[in-house]
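In what follows, a structure is listed as structure tokens, so that the remarks can point back to it.
The values are calculated or read from the model by the stated rules, or taken from the named source; none is laboratory data. These numbers were taken from a predicted model, which means no experiment stands behind them. Every residue, glycine as well, gets a Cβ built from its backbone with ideal geometry; the counts of neighbours run over all protein chains shown.
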Amino acid sequence: MELHPNTLLRDRYRIEKQLGKGGMGAVYLAHDTVLDTKVAVKINQNPRPEGRDQFIQEARLLAALRHPNLPRVIDYFVIEENQFLVMDFVPGDDLGSIVSSDGMQSIDQVLSWAHQLGNALIYLHSQEPPVIHRDIKPANIKITPRGQAMLVDFGIAKSTDLTQETSTGARGLTPGYSPPEQYGTARTGHFSDQFGFAATLYNLLTNQKPVDAVERLLGQAVLTPIHLLNPTVPVPVQRAIERAMSIKPEDRYSSVAEFMDALGTPTVAKERLSPVQPAKTVLPTIQPFVSQDATRVGNTNPPPIMSSLPVPVQPKKRVLWLIPVILIALVVLAGGSWFLFSRLLTPQTPIQSPTADVALSVTLTLGALPTQTAQPSLTSTQAPTETDTPEPTATVTFTPEITSTATPVLESIGRGGLAAFASNEADGSTFQIWSMRVYKSAAGELIAADKSQLTNNPGNKYYPTWSPDGSQIVFSADSGDTENKLDLWVMDADGQNQRNILTIPGDETEAAWSPDGKWIAFTTNSRADGILQIMLVHPDGSGLRRLSTDRQEYAPEWSPRMDKLVYVLPSNDLRYLWVRDPQNDFVDANQDLMFGRLKYFTDPSWSPNGEWLAYTRVEGRTQDVFLTRIASYGLEIKRLTNSTFDSYPAWSSDSAWLLFQSNRDGNQEIYVMDIQGQQLTNLTNSETIAEIQPAWQVK
């Protein structure tokens, strides 16, 4: 069946042009007139009687797949014995074209693509039943403008529970990339995809197409070793690729995951994520125009048009006002500095700096002793502007020695953001929400200052979490009701305007505010059986929605780009970092982002720059903070602490520091460290007061 431009399929997909054609069908670029977007339409021509049922079965399986390196199958139908798959249109060049124009690719770039594609294959092979692509080659891999590798062309992908007879008839054969078992009647499987995957990497590293596998099987050709074509390829990488291209399936790796482990990770991770704001998506609100001259094929009534989604509102910048430096205070300091420096200095709340757009230095300014606290104050100031200095009088004399001694500089870290946490400091038993700042002294010591109590009403408060613009905090608070228990509350950053946004049975905890500010995901045990579940609510308390169904799920966390909502899914001796898609109505992606490699863990915390996931690894009764690179999918893991009493990591805005709670000294306290696990410091350092669950303000 030939499709011409302007052909309209099912009153929805208007054909624009043909993208490619093969022996089993063709792929067309089309316009989805309902969603107003580009799609790829693949037509498979299979006249066999059993073809329709087989196609429907496999199309449903493909439509359920959700992975960042796979296009979505969004529709499927049959017209006049012709089978149609409608998929996301993936922009960009395919690897075949890239190699043809640019030649062999660098080892780091190839390994970067390999780990993206390998994880997509692991995901496919882990389905029930497993999905085998069976046509992996450079031409079927696209690189998007953002550098993301996408495995495309699912026209011949098969589930392994189908009969071998029907599967054989739909096999894609590409000499050099298809393994020997794919040519005849032998059974194909994940090992077949492994061969095509490795052959593709061979081509990328050598700019040479591998010799045909059947010719190798018959002894008519030999695979040229990679190092003879590209001496820069490390020996372990060459060995891994050539083993995965073995003629016999049993000589290859037992799985694609094992093959990826043998390949190793790139020295420079090309696929690192950057903090990109969520795309502003506006769906059409009117019936799309369809040309009266369009040829209608498979005519049906079009589905209703969705209403527009509001565009995310960017947070407004706050303007701060200049506080002048009062020079007369230095006179008092000159006479009393010897007394002040003989006492322990505990800074109080700082005066805010003049403007958010000016780089600030935080200066310790010593003033007259307060009558009650005997504490100096921390003042965030700009460097003073040089002015003409009047002649000094006999009464007042300013000297460099006094100024230098009286103003040691403290540098704020984490972009100056406040750290919120729960503490029982007020009365020794009730946990309230507090805030503090973290500074670095001139000597390089990390200290906490500006501690402030934000809540003081009866009942415990836990799990403070910041809004994406840093202006509000959501937290859990004791309702005083034995049925409702912990409710969700929201307040301003200074503790003002406290309000209860959600009152339902059970405990609502572990809140996570979405990057666009529209949703708060949280954990609840409100089900009658007490199983932990994930729910959503708007910050004003409206739109309550349960995401979880029959499984225990908890500890939600958003990706900075808001393309993923992840949470902990426990299963036997492992816990999985499960994924939902916020951009597709929070559909369950049926995917573990780290493929079980994090083992038994909790407290996932995604870095603001999108590159890292900090988490707590739980082993028996021990807990420590670990770090993994998102792009490595759990293959690159670093242990940051080893006291066996550390948990609940929280990121600074610049992704350079981590707060966490620790009981290593026999009392719960807040610690800070850099992302190498260095400069570890106890910030709260109290023997009887407990401080837990830190959260760093977004700045």
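Below is a table of values for the structure above.
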item	result
Tally of residues being surrounded by fewer than 22 Cβ atoms within 10 Å (Cβ to Cβ) and aliphatic (A, V, I, L, M) across the stretch 503-535	4
Close pairs (9 angstrom Cβ cut-off, 6 or more residues apart or separate chains): closer than 26 Å to W113 by Cα in the stretch 617-640, part of a strand (DSSP E or B) and modelled with pLDDT under 90 anywhere	G634/D592
Test: residue in the stretch 562-574 that is touching a helix residue (DSSP H, G or I) at 6+ places or on another chain (Cβ under 9 Å), surrounded by fewer than 20 Cβ atoms within 10 Å (Cβ to Cβ) and touching a residue at least 60 places away in the same chain (Cβ under 8 Å)	yes
Options L640, L680, L658, L627; residue that is in the same structural domain as A419 (by the TED database), crowded, with 23+ Cβ neighbours inside 10 Å and either of a type in the set (A, V, I, L, M) or closer than 17 Å to R575 by Cα (or both)	L658
Scope the stretch 214-241; condition touching a Leu at 6+ places or on another chain (Cβ under 9 Å) and in a helix (DSSP H, G or I); matching residues	R216, I226, L229, P236, V237, Q238, A240, I241
Strands (runs of 3 or more DSSP E) contained in the stretch 1-116 and holding at least 3 residues within 29 Å of the chain's Cα centre (by Cα)	37-45, 73-79, 82-88
Which numbered condition L640 misses (of (1) at pLDDT below 90; (2) in contact with a Gly (Cβ under 6 Å, 6 or more places away or on another chain))	(1)
Complete set of residues in the stretch 453-473 that are under 19 Å from E691 (Cβ atoms) and in a strand (DSSP E or B)	Q453, K461, Y462, Y463, P464, T465, W466, I473
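Listed here are the residues, each with its yes/no results for (1) among the basic types (K, R); (2) in a strand (DSSP E or B); (3) surrounded by 23 or more Cβ atoms within 10 Å (Cβ to Cβ).
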residue: E411; (1), (2), (3): no, yes, no
residue: R415; (1), (2), (3): yes, no, no
residue: F421; (1), (2), (3): no, yes, yes
residue: A426; (1), (2), (3): no, no, no
residue: W434; (1), (2), (3): no, yes, yes
residue: R437; (1), (2), (3): yes, yes, yes
residue: A442; (1), (2), (3): no, no, no
residue: A448; (1), (2), (3): no, yes, no
residue: K451; (1), (2), (3): yes, yes, no
